[in-house]
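Take a look at the structure set out below.
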Amino acid sequence: MQMLDLLRTVASNLNRMRVRVILTAFGVVIGTAAVLVLVSLGVGLQRSATQQIGGMADLTTIRVFSPEMGMPMAPGEERRRDSQPQGLTPETLQELQELPGVVAVTPLESINGPVVLKYKRLEGYANVVGVDPEAFARLGYGLASGKDRLQKNQAVAGAQIGRAFYDPRQMEQGMGFGPGGPTQNATPVPLQGTQLIVEVQRYAENGTSATREMRIQVGGVLVESGEADYNLYLPLRDVDTVNEWFTGQKIDRQKQGYQQAIVKVASSGDVTAVQTALRERNLNSYSMQDALQSINSFFIVLQLILGGIGAIALLVAALGIANTLSMAIYERTREIGLMKAIGARNRDVMSIFLGEAGAIGFLGGTVGVLLGWAVSSVIGLFAQGALAQQGGIMGGGSSASIVYTPLWLLPFGIVFATVVGLLSGTYPALRAATLDPLKALKYE
């Protein structure tokens, strides 16, 4: 049988039972649309979460921790370790700088004591971090104003530090943070070029306290990024000087090393290789790529679950196709016998029934893809509007849609529905092809 003859025969047979075909195909439409909508929801959630993480943190930054950080010390081990270098020593950091793909390496050192920022009569808070001035300029932080050069008693401030100041006199009057509090609707402090006082307190065993003040000038303000918005970056030497005063001991980095550092790589594709090299050196590390991998693994499972739920509707539709074609065999038994009597082969009869099953799947899949795409678009618009009114996901102000239909899903839905139709029509097609022509002609 020629292909053109097969198509004409299939079209004629489907037209004769159009009502039954429409009802059967409607099940395929619902199943295909359900698969497309649910998978689009899973892909959209994954895409939205990935964009949120990418917008809040740098995907080319790796935070490295010393092997001893967070590890319990066995009894008697302290004395042995006193004679060995601890943490991330300058030699270790130099080795990391020489790794392929590494752009910059800087240790991170925080002030050990409680810190208060002062600006005129206002007080504020920040995470004061000491970094290598030479490496800081290569970390890739965007600047809203000023320069990223760190010199003695100079600082680069995060975007939100200016909003972290409050009037302590209002606190004394019983006004707290939050609605109506001292920071509510307060005008941000213009940090660029401003002189701030970093005040650190130290308490002795006898209960007395001492205060050290360090006057710094803000030489630059970073753009809002989420990760470093409340960080105040100072030269590493300035932070070490304060920590030496706080502990009363001289800091020997060759012996003590640093507890953590930041490794900046050229691109996100270098992160995996660099982290592998860090593990080989017995160094613990963490990057936002680790978070993305965990999120992607979760959403892949979620997409499979959602797709499986939608596939149940397609399974029901497949049973409907098999039932429709099985009933057609009884109605067309004499017709099948007559076709075989005039020379039709078993494969010709089988091709006709498979063609009808595939056509039902194709038509239902095409309409289902269009319906699913339309429903996904409507859901995406409503979700986008709702998120925009609530300030976006996780308070980031983003109104990105949580429903996203990748282009590959549209043809995949049609092909998948067609294959389901062909598989469901296999049994009726085999049964029709193996009918005895003599018995079929005698069938009433």
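Examine the range 281-301 for a residue that is touching an Asp or Glu at 6+ places or on another chain (Cβ under 6 Å), crowded, with 19+ Cβ neighbours inside 10 Å and part of a strand (DSSP E or B), and state whether such a residue exists. Taking every residue of the range 281-301 in turn, none turns out to be touching an Asp or Glu at 6+ places or on another chain (Cβ under 6 Å), crowded, with 19+ Cβ neighbours inside 10 Å and part of a strand (DSSP E or B).
Would you tally the residues in the range 118-155 being assigned to a strand (DSSP E or B) and either surrounded by fewer than 20 Cβ atoms within 10 Å (Cβ to Cβ) or out of contact with any Asp or Glu (no Cβ under 6 Å at 6 or more places or on another chain) (or both)? Qualifying residue count, the range 118-155: 15. Residues in the range 96-117: is at least one under 30 Å from ARG279 (Cα atoms), open to solvent by less than 40 Å² (accessible area, probe 1.4 Å), among the small types (Gly, Ala, Ser) and outside any strand (DSSP E or B)? Scanning the range 96-117, I find at least one residue that is under 30 Å from ARG279 (Cα atoms), open to solvent by less than 40 Å² (accessible area, probe 1.4 Å), among the small types (Gly, Ala, Ser) and outside any strand (DSSP E or B), so the answer is yes.
Pairs are defined by a Cβ separation below 7 Å, a sequence spacing of at least 6 or placement on different chains, a first member in the range 275-296 that is within 15 Å of THR92 (Cβ to Cβ), and a second member that is surrounded by fewer than 17 Cβ atoms within 10 Å (Cβ to Cβ) and among the basic types (Lys, Arg); the pairs so defined are SER285/ARG63. When the residues of the range 195-213 are filtered to those that are loosely packed, with under 11 Cβ neighbours inside 10 Å and of a type in the set (S, T, N, Q), the one that is nearest to the chain's Cα centre (by Cα) is THR211.
Just checking, does the range 246-265 include any residue being without any contact (Cβ under 8 Å) to a residue 60 or more places away in the chain, part of a helix (DSSP H, G or I), open to solvent by less than 60 Å² (accessible area, probe 1.4 Å) and of a type outside the set (A, V, I, L, M, F, W, C)? No.
Considering only residues of the range 27-78 that are closer than 22 Å to ILE300 by Cβ and not in a helix (DSSP H, G or I), which is modelled with the lowest pLDDT? The selected residue is ALA57. Counting only residues that are basic (Lys, Arg) and within 30 Å of THR211 (Cα to Cα), the range 234-281 holds 4 of them.
Among the candidates ILE352, ILE321, ILE329, the residue that is out of contact with any Ser or Thr (no Cβ under 6 Å at 6 or more places or on another chain) and either farther than 30 Å from ASP5 by Cα or part of a helix (DSSP H, G or I) (or both) is uniquely ILE329.
The values are calculated or read from the model by the stated rules, or taken from the named source; none is laboratory data. Predicted, not measured: the structure shown is a model, and the values here were computed from it. Don't worry about glycine lacking a Cβ; one is built from the backbone with ideal geometry, like all the others, and counts go over all protein chains shown. Remember, those area values only see protein heavy atoms, side chains included, never the ligands or the DNA or RNA. Shrake-Rupley method; radii C 1.70, N 1.55, O 1.52, S 1.80 Å.
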